[in-house]
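I have placed the structure first, in the form of C-alpha cells, so that the comments after it can refer back to it.
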Amino acid sequence: MKNICNVIAITLKFIWKLINFIRQFIINFICFFLIFIAITTYFAYKNSKKSINQYNYALLIDLQGIIVDQVSIHNPFNKISRELFNSSNKIIQENSLFDIVKAIYLAINDDKITGIVLHLDNLIGSDQPSLQYIGKALTKFKQSGKPIYAIGDSYNQSQYYLASFANKIYMSPYGNIGIYGFSTNKFYYKKLLNNLKINSHIFRVGTYKSAVEPFIRSNISPEAREVDKVWIGSLWNHYLSTIAENRQTTPDNIFPGVDKLIKEMKKVNGDNAKYAVKQKLVDYIFTDADIEKELSKKFGWNNKYQHFNYISIYDYINKRLQKSQLIQQKQSNNKSGNIAIIIAQGIIIDGPQEPGITSSEITVSQIRKARLDPNIKAIVLRINSPGGSVTASEKIRNELIATRNDNKPIVVSMGGIAASGGYWISTPANYIFASPTTLTGSIGIFGIINTLEKSLDTIGIYTDGISTTPLADISITKGINKYFTNIMQITIEKSYYTFLKYVAKARHKTPIEIDKIAQGRIWIGSDALENGLIDKLGDFDSAVNKAAELAKIVEPSLYWMQQERSFIEQLIFEITSNIENIIPNTLQLFFPKKTVNNINQQIKFYKHMNDPQNLYAFCLDCNNYF
C-alpha cells in the first residue's frame with residue numbers, strides 16, 4: 001500500500017512540476033514576444049518617420065511575392081514580419097492590388113513624391129487583369145508629368161509587363177528578359193491511381209469540362225487542347241500587344257518567334273543584355289552602382305542611409321494610405337460607406353476561410369450584412385475564382401438574389417478568373433464587367449468519388465455487412481453500384497441544366513442558346529462579351545461607377561468588407577505562417593515555381609472537395625498560365 005502511495009505521490013509531483021514548467025514557458029514566451037514586438041515596432045516607426053518627413057523622394061515599388069485582390073487577413077504585424085522574415089516572405093507575401101493602385105494615385109498629387117522606381121526582382125507574379133489595372137494607374141502617374149524608372153537584375157514575364165509602363169528600363173549586364181510565352185500544364189494521375197488500385201468514379205456534363213481529366217487520363221484530351229489553345233493564344237497576343245504599345249515597337253520585336261530569337265541571339269554571341277537593347281526591350285544596361293548613381297541624380301542622395309532618396313511602397317501604404325482613409329472617413333457622414341465591396345477570391349467551398357479560399361459561410365454573412373445595412377445602397381462583388389463546390393456557390397447565389405430582391409443593385413467586377421462556380425455566383429448581378437483578359441465561362445458540372453475497395457483487397461482487407469437498400473450499401477471501402485451511379489449522373493445532368501437556366505435568365509437567352517457556348521468551355525473577356533456572357537469590358541473602377549449610377553449615389557463611398565480576426569487568431573496565424581516560410585517547401589527544391597504553383601492549386605482543390613452532393617463547378621485550367 002505504501003508503495004502505491006509513493007507512486008501516486010511521485011506521479012502527482014511530476015505532473016505538478018510539468019504544469020509549472022508549461023506555465024512558466026508560456027509566460028516567458030509571451031513576455032519575450034511582447035518585448036520583441038515593442039523593439040521592432042520602435043525601429044520600424046523610426047525608419048518610417050525618417051522616410052515620410054525628411055525629404056522628397058521616389059516611390060519605390062519593391063513588391064515581394066504575389067498580387068491578390070484581397071490579402072488573406074488584415075495583418076497588423078505586416079511591417080514587423082517583413083523586416084524579420086524578409087528572406088522567406090519574398091516567396092509567399094500577398095500584396096493587395098487595390099492598395100497598390102490607391103498608393104500610386106495618392107502619389108500623383110503628393111508633392112513629396114517626384115517619381116516612381118519599379119524594382120520588381122522579388123515579384124512572383126499575378127494575373128493579367130490585375131497587372132493591367134496597375135498599369136492603368138502607372139500610365140496616369142506618367143501623364144501627371146512625373147517619371148517612372150524600372151530597374152532590375154532580370155525580368156520575368158509579370159515583372160516585365162509592369163516595367164513596360166516605365167519611361168526608362170534599366171537592366172544588369174548579366175540580366176535577361178524572360179519572355180518565352182504562356183503554357184498550361186497539370187499532373188495526370190490515371191496510372192498512379194491504377195497502380196494504387198484506387199477507383200475513380202467520374203460524372204460530368206460538358207465536352208470541355210477538363211477538371212476531371214487528371215483522374216481518367218494520362219494526357220490532355222483533344223477537346224481540352226482545342227479550347228485551351230484558343231484562349232491561351234488570345235492572352236499571349238494581348239500580352240505582346242500591350243508591351244509593344246508601351247515600348248513603341250511591334251509584337252514581333254517583343255517576341256520574334258523561336259527561330260528568329262535563336263538567330264538574333266547568335267548575332268550577339270548569346271549576350272542577353274545586348275539582345276534586349278537591340279530589340280528595344282530595355283533602354284540601358286547598367287551595373288547596380290551605375291543605376292544607383294543615376295537615380296541619385298534624379299532623386300537626391302541620403303548620406304545617412306547610403307542610398308538614393310526613396311520610400312518603399314509598403315511604408316507609403318502604411319502611412320499615406322491609412323491617413324487618406326481616415327480623412328475620407330471623417331469627411332463622410334456615412335462612416336461605413338454606401339457601396340459595399342465584397343471579394344470572392346479562390347476556390348469556393350463550405351468551410352473556414354483560408355488563403356486562396358472563398359468560404360460560402362463568410363461570403364454569405366458579408367452579403368447579408370450589406371443587404372440589411374440601410375446605409376449600403378449597392379454591392380460590387382469582385383470575383384477572382386475558378387469555382388468549386390456547387391452547394392457553396394448556390395448558397396452565395398441565393399443571398400445575392402435576396403439582396404437584389406431588396407432593390408439593392410449588384411455589379412460584378414471579374415478579375416483574372418470568374419469561371420464555373422465563379423460564374424455561377426455572378427448570375428444574380430444587375431451588370432457584369434470583365435477585363436479583356438479575364439478567364440470566364442467554363443459552364444459545366446462534374447462529380448468525383450474515389451473508392452478503395454481494390455486497394456484494400458490487395459492487402460487482404462474486406463468490407464461486408466447488411467443494408468436495407470442498395471443505396472445504403474455505398475462506402476469508400478466497398479465502391480459504388482449501378483443504382484448510385486445512375487442517381488449521380490441524373491443529379492449531375494439536373495445541376496448542369498439548372499446552371500444553364502440561371503445563366504439564360506440572367507443573360508436574357510434560352511438554355512439551348514447558352515448550352516452552345518457552355519459545355520465547360522473557357523472564354524476570355526473579349527469573347528465572353530461577344531457571346532453575351534458579360535455586359536461590358538471594364539475594370540474595378542467601371543464596376544464602382546456603374547453601382548453608383550444604378551443606386552443613384554452622388555458621392556460614392558466604399559466599404560471594404562473583410563473577415564475580422566481576433567488578436568490571438570492573428571498572432572497564431574502570423575507565427576505559424578512564418579514558421580512555414582522558414583521551413584523550405586520541398587517541392588521547390590526539385591521543380592520551378594510555376595510547376596509548384598500548379599501542384600499546389602490541384603492539391604488545394606482536391607483537399608477541399610467537401611460538397612455534400614459531390615457536385616463541382618470548377619475550372620482547373622484557369623490558373624498559372626504566366
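The values are calculated or read from the model by the stated rules, or taken from the named source; none is laboratory data. Since the model is a prediction, treat every value here as computed from it, not as a measurement. We place every Cβ from the backbone using ideal geometry, glycine too, and count neighbours over all the protein chains shown.
Points worth noting:
- Residues considered: 569, 580. Of these, the only one that is in a helix (DSSP H, G or I), among the charged types (D, E, K, R), closer than 24 Å to residue 123 by Cβ and modelled with pLDDT under 95 is 580.
- On the stretch given as region 275-320, residues that are buried (at least 21 other Cβ atoms within 10 Å of the Cβ), touching a helix residue (DSSP H, G or I) at 6+ places or on another chain (Cβ under 6 Å) and within 16 Å of residue 153 (Cβ to Cβ) total 1.
- Residues in region 476-494 that are touching a helix residue (DSSP H, G or I) at 6+ places or on another chain (Cβ under 9 Å) and among the hydroxyl-bearing types (Ser, Thr, Tyr): 477, 483.
- Where residue 622 falls short, out of the listed (1) modelled with pLDDT under 70; (2) touching a Leu at 6+ places or on another chain (Cβ under 6 Å); (3) within 30 Å of residue 489 (Cβ to Cβ): (1)
- Some residue of region 505-522 being in contact with a helix residue (DSSP H, G or I) (Cβ under 7 Å, 6 or more places away or on another chain), within 23 Å of residue 202 (Cα to Cα), part of a helix (DSSP H, G or I) and assigned by TED's automatic domain parsing to the domain that holds residue 414: yes
- Of residues in region 221-258 being within 15 Å of residue 127 (Cα to Cα) and of a type in the set (Ser, Thr, Tyr), the one surrounded by the most Cβ atoms within 10 Å (Cβ to Cβ): 239
- Subset of region 116-129 [at pLDDT 95 or above and out of contact with any Ser or Thr (no Cβ under 9 Å at 6 or more places or on another chain)]: 116, 117, 118, 119
- Meets criteria (in a helix (DSSP H, G or I) and either farther than 23 Å from residue 109 by Cβ or not acidic (Asp, Glu) (or both)) for residue 135: yes
- As a summary of the residue check, residue 457 satisfies the conditions (1) assigned to a helix (DSSP H, G or I); (2) at pLDDT 85 or above except for the one numbered (2).
- Any hit, region 383-390, residues being in a helix (DSSP H, G or I) and either closer than 18 Å to residue 347 by Cα or small (Gly, Ala, Ser) (or both): yes
- For region 465-492, the candidate set comprises residues that are part of a loop (DSSP other than H, G, I, E, B) and of a type in the set (A, V, I, L, M); within that set, the residue that is farthest from residue 455 (Cα to Cα) is 466.
- Of the helices (runs of 4 or more DSSP H) entirely within region 240-335, those holding at least 1 residues that are touching a Leu at 6+ places or on another chain (Cβ under 8 Å) and at pLDDT below 90 occupy 322-331.
- Across region 445-452, a minimum of one residue is classified as on the phi < 0 side of the Ramachandran plot and at pLDDT 85 or above.
- Meets criteria (out of contact with any strand residue (DSSP E or B) (no Cβ under 6 Å at 6 or more places or on another chain) and either closer than 23 Å to residue 446 by Cα or surrounded by fewer than 22 Cβ atoms within 10 Å (Cβ to Cβ) (or both)) for residue 401: yes
- Residue in region 471-487 that is among the hydroxyl-bearing types (Ser, Thr, Tyr) and closer than 30 Å to residue 126 by Cα present: no
- Per-region count, region 169-212, residues within 30 Å of residue 116 (Cα to Cα) and modelled with pLDDT under 85: 0
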